[in-house]
Amino acid sequence: MSDPGGPVGDPDGPVSELINSPDLAAPVGFSHAVRAGDTVYLAGQTAQAPDGSIVGTTIVEQFDVAAGNLVTALRAAGGAPEHLVSLQVFVTAVGEYKESLMALGSVWRRHFGRRYPAMGLFGVTELFDPAAKVELMGVAVISGP
């Protein structure tokens, strides 16, 4: 589902399209994705189930769900994993992330293949949902409608 964005009354039409997938938990105060031309900005995705609950207790389990949610948002915007050019990973436990690199690599390849965009890992004290351990934000570049 998408909504027009951009300046009200813009004679050239909206400068961006707000996109919210019905397969994800309903966003409150944000959009799952915003497409501006060929660029898609993907909002932070956690291991949130469609009912809003956090799925999984480990970084690996939560990364798996969050990655699936990010791909769902990307597909709703007309993109695919190979269009991802940048990814930011926010975690509440950097040590657990480092200890889980082998398992995280398997999860990564299942969702994104063997292509690695520009990435950053950020240790944070807390995410919006206290049960969340990981949040993924990304940027993709796609072409066509």
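Taking the criterion of being hydroxyl-bearing (S, T, Y) and either closer than 22 Å to T92 by Cβ or within 15 Å of the chain's Cα centre (by Cα) (or both), the only residue of the range 117-145 that qualifies is T125.
Summed over the range 29-51, the residues that are among the β-branched types (V, I, T) and within 22 Å of V124 (Cα to Cα) give a count of 1.
Within the range 126-145, residues that are among the basic types (K, R) sit with their Cβ atoms under 9 Å from residues that are part of a strand (DSSP E or B), at 6+ positions apart or across chains, in these pairs: K133/I54; K133/V91. Looking across the range 41-70, just one residue is in a helix (DSSP H, G or I), among the β-branched types (V, I, T) and without any contact (Cβ under 8 Å) to a residue 40 or more places away in the chain, and that is V65. Does G105 qualify as being in contact with a strand residue (DSSP E or B) (Cβ under 6 Å, 6 or more places away or on another chain) and of a type in the set (G, A, S)? No: the conditions fail for G105. In this structure, is A140 assigned to a strand (DSSP E or B), modelled with pLDDT of 95 or more and surrounded by 19 or more Cβ atoms within 10 Å (Cβ to Cβ)? So A140 passes the test. For the range 115-133, does any single residue satisfy the condition of being over 17 Å from H32 (Cα atoms) and part of a helix (DSSP H, G or I)? Taking every residue of the range 115-133 in turn, none turns out to be over 17 Å from H32 (Cα atoms) and part of a helix (DSSP H, G or I).
The values are calculated or read from the model by the stated rules, or taken from the named source; none is laboratory data. Keep in mind it's a predicted model, so treat the numbers as computed, not measured. All Cβ positions, glycine included, derive from the backbone under ideal geometry; neighbour counts span all protein chains shown.
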